[in-house]
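Trainee: Before anything else, here's the structure in question.
Laboratory data are not the source of any read-out in this text; all were calculated from the coordinates shown. Computed from a prediction, not measured in an experiment: that's the story for all the values here. A quick note on method: Cβ atoms are made from the backbone with ideal geometry, for glycine too, and the neighbour counts reach across all protein chains shown.
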Amino acid sequence: MKILHILNDGPDRLSSEIIAFQSKDHDVTVIDLSKQELSYETIVDSIFSADLVISW
Amino acid sequence: MAKKVAVVVRDRQHEALRMAIGLTLKDAVVSVYVMDNKLASDENIDLNVETIGDMDGKIYSNNPENKFDQLTTEEIAHALADADAVIAY
Amino acid sequence: MKLGIFVNTDRHLADVIGIARAAVAKGHEVVIFAMDGGSKLLPDPDFTALCSVKGVSMSYCDHNAKAMSIATEGVPKDVVCGSQYNNAIMASESDRLIVL
């Protein structure tokens with residue numbers, strides 16, 4: 001399963017733990033919005049190509 | 001088919017629980033995960049907890065101080081992956 | 001597809017606008033619901049202007065706006081003064097849901 005985690009304000013302890021646990025069994029991708037590295041078009045594509053999105 | 005929505009409660013507990021109740025208005029199956037912190041107890045929160053139960057919502061926590069069904073953080077991570085949508089508040 | 005954007009803070013307006021506009025430009029539908037801290041964005045015309053973008057619909061929790069004494073007089077009529085029911089609809093009908 002493809003899970004996208006969106007970090008609105010960068011990583012924190014809880015999101016990091018959840019991401020680490022889910023990464024054992026799932027295809028996990030992380031986008032850190034605070035780094036402003038990706039275009040919004042790319043972010044939208046990532047959102048819809050994932051099966052589940054979790055924002056933090 | 002009813003959507004499975006997971007609500008992760010970190011801070012802003014009042015609003016997170018009020019929002020969780022609202023989600024049941026469209027027949028979502030709501031699971032609430034109270035993470036790390038002890039859930040405050042006041043009139044609103046106690047009523048919201050009761051209402052979530054009345055609406056067949058489930059409340060879990062990784063903090064034994066909370067008198068809800070206990071799950072480890074790892075178990076909660078897997079439960080979140082099983083949801084159709086996750087709202088981390 | 002339909003993207004739900006649950007706005008519960010006022011800290012990510014640029015991301016709300018950027019993601020919403022990018023999504024509709026790609027042919028998606030966008031539903032935005034604001035509550036709690038997100039209600040503070042209601043007086044900001046940059047936020048509410050999204051309601052005039054084709055493919056975007058918006059609503060907010062009136063309970064929060066009133067409780068927080070948010071000035072909503074200038075909010076366009078197309079931004080629905082709503083309730084948690086609007087959020088329930090968004091969560092139920094969206095293909096993907098993000099929180100900002």
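Trainee: Can you confirm whether region B:2-15 contains a residue that is over 13 Å from the mean Cα position of the chain (by Cα), surrounded by fewer than 14 Cβ atoms within 10 Å (Cβ to Cβ), in contact (Cβ under 8 Å) with a residue 24 or more places away in the chain and at the interface with another protein chain (Cβ under 10 Å from one of its Cβ atoms)?
Mentor: Checking region B:2-15: at least one residue is over 13 Å from the mean Cα position of the chain (by Cα), surrounded by fewer than 14 Cβ atoms within 10 Å (Cβ to Cβ), in contact (Cβ under 8 Å) with a residue 24 or more places away in the chain and at the interface with another protein chain (Cβ under 10 Å from one of its Cβ atoms).
Trainee: Here are C:S59, C:S39: which of them is part of a strand (DSSP E or B) and touching a helix residue (DSSP H, G or I) at 6+ places or on another chain (Cβ under 7 Å)?
Mentor: C:S59
Trainee: Something else now. Within region B:71-86, which residues are surrounded by 15 or more Cβ atoms within 10 Å (Cβ to Cβ) and in contact (Cβ under 8 Å) with a residue 24 or more places away in the chain?
Mentor: We begin by selecting, within region B:71-86, every residue surrounded by 15 or more Cβ atoms within 10 Å (Cβ to Cβ); these are B:71, B:73-74, B:76-81, B:83-86.
Passing the criteria: B:L71, B:T73, B:I76, B:A79, B:L80, B:A83, B:D84, B:A85, B:V86.
Trainee: I'm trying to understand the selection: among the residues of region C:62-88, which are within 9 Å of chain B (Cβ to nearest Cβ), in contact (Cβ under 8 Å) with a residue 12 or more places away in the chain and more than 13 Å from C:V7 (Cβ to Cβ)?
Mentor: C:H63, C:S83, C:Q84, listed by residue number.
Trainee: Separate question: On the basis of being within 13 Å of another protein chain (Cβ to nearest Cβ) and under 28 Å from A:R13 (Cβ atoms), does B:N66 make the cut?
Mentor: For B:N66, the condition - within 13 Å of another protein chain (Cβ to nearest Cβ) and under 28 Å from A:R13 (Cβ atoms) - is not met.
Trainee: Answer yes or no: is there a residue in region C:63-73 that is part of a strand (DSSP E or B) and more than 12 Å from the chain's Cα centre (by Cα).
Mentor: So far as region C:63-73 goes, no, none of its residues is part of a strand (DSSP E or B) and more than 12 Å from the chain's Cα centre (by Cα).
Trainee: For region A:10-56, which positions are part of a loop (DSSP other than H, G, I, E, B) and within 8 Å of chain B (Cβ to nearest Cβ)?
Mentor: A:D25, A:H26, A:W56, listed by residue number.
Trainee: Take region C:3-14 and flag every residue that is closer than 18 Å to C:V80 by Cα and either more than 9 Å from every other protein chain (Cβ to nearest Cβ) or in a strand (DSSP E or B) (or both).
Mentor: Once the filter is applied, which keeps residues that are closer than 18 Å to C:V80 by Cα and either more than 9 Å from every other protein chain (Cβ to nearest Cβ) or in a strand (DSSP E or B) (or both), region C:3-14 yields C:L3, C:G4, C:I5, C:F6, C:V7.
Trainee: Please work out which residue is farthest from B:K26 (Cα to Cα), limiting yourself to region B:61-70 and to residues that are crowded, with 16+ Cβ neighbours inside 10 Å and out of contact with any helix residue (DSSP H, G or I) (no Cβ under 7 Å at 6 or more places or on another chain).
Mentor: That would be B:N66.
Trainee: Cβ-Cβ distance below 9 Å, separation of 6 or more or different chains: which pairs start in region C:27-39 with a residue that is farther than 25 Å from A:D45 by Cα and end on one that is polar (S, T, N, Q) and in a helix (DSSP H, G or I)?
Mentor: Filtered contacts from region C:27-39: C:M35/C:N64; C:M35/C:Q84; C:M35/C:N87; C:D36/C:N64; C:G37/C:N64; C:S39/C:N64.
Trainee: Sort through C:C51, C:C81 and tell me the only one that's assigned to a strand (DSSP E or B), in contact with an Asp or Glu (Cβ under 8 Å, 6 or more places away or on another chain) and surrounded by fewer than 21 Cβ atoms within 10 Å (Cβ to Cβ).
Mentor: On inspection, the qualifying residue turns out to be C:C81.
Trainee: Shifting gears a bit: Give all pairs with beta carbons closer than 8 Å in which a residue from region B:22-51 that is closer than 21 Å to C:M90 by Cα meets a residue that is surrounded by fewer than 13 Cβ atoms within 10 Å (Cβ to Cβ); count only pairs at least 6 apart in sequence or on separate chains.
Mentor: Within 8 Å, the pairs are B:T24/B:D56; B:D27/B:A2; B:A28/B:A2; B:V29/B:A2; B:V29/B:D56.
Trainee: With the requirement that a residue be more than 10 Å from chain A (Cβ to nearest Cβ), touching a Lys or Arg at 6+ places or on another chain (Cβ under 7 Å) and of a type in the set (V, I, T), what does region C:15-44 give you?
Mentor: Passing the criteria: only C:V31.
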